[in-house]
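Heads up, the thing below is written out as structure tokens.
Each value in this text was obtained by applying a stated rule to the coordinates, not by laboratory testing. Everything numeric here is computed off the predicted structure, so don't read it as measured data. Please note: Cβ atoms are built from the backbone with ideal geometry, for glycine as well, and neighbour counts cover all protein chains shown.
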């Protein structure tokens, strides 16, 4: 009986994820944001999620104020995913907080929270893996695969991501601005 209930819950979640994927094609971020909030995503004032985003269990996703998530992003909400304010996530970024334990005979699922601080920039096609915390003002270069925590104001790049620099400005107070209406 328990297996049947779990399977029904999984099918319902898969259906919700499919509906959100379809909603991602609506050419207005105002309309998309409305449906994303109804699904349980907490989206701060002035934040937007551009078109064609993919979600895994949206109820665990929290996005701060004035944050932009680019086109074709993958946001994994199977565990807590917290994205800070004034954070810029470029197109085709994938943020995962669930994976399989390849050393386990049962290929058991592991879920760990992911946190992105305020004023973070994640470059295009970067991948953030489970359990990672990216500190305030950090920059993740395009195509990087982040497997470990990133310190405040660090600039990382590569596979796996390594520190390649540091932001010299520490007093960040910019606003990302208004999102394009039909993006």
- Query: To the nearest 500 deg cm²/dmol, what mean residue ellipticity at 222 nm is calculated for the chain from DSSP H runs of n ≥ 4 alone, each contributing -39,500 (n - 2.57), summed and divided by the residues?
  - Reply: -6000 deg cm²/dmol
- Report the relative contact order of segment 2-166, percent, no decimals, based on alpha-carbon pairs under 8 angstrom and at least 6 residues apart. 13
- Task: Grab the beta carbon distance between residue 17 and residue 110, set R0 = 25 Å, and tell me the FRET efficiency rounded to 0.05.
- Result: 0.80
- Query: Using only Cα atoms, what Kirkwood radius does segment 92-183 have, in angstroms?
  - Reply: 14.2
- Residue exposure sequence - 56, 119 - by fewest surrounding Cβ within 10 Å: 56, 119
- Note on the structure: Per GNM of the chain with C-alpha springs under 10 angstrom, the most fluctuating residue out of 113, 27, 130 is 27
- Kindly provide the Kirkwood hydrodynamic radius of segment 1-69 in Å, to one decimal, from all pairs of distinct alpha carbon atoms. 12.7
- Message: I need to check one value: relative contact order of segment 101-168, counting alpha carbon pairs closer than 8 Å and at least 6 residues apart, in percent.
- Response: 23
- Which Rg and Dmax, in Å, describe the Cα atoms of the chain? 16.6, 58
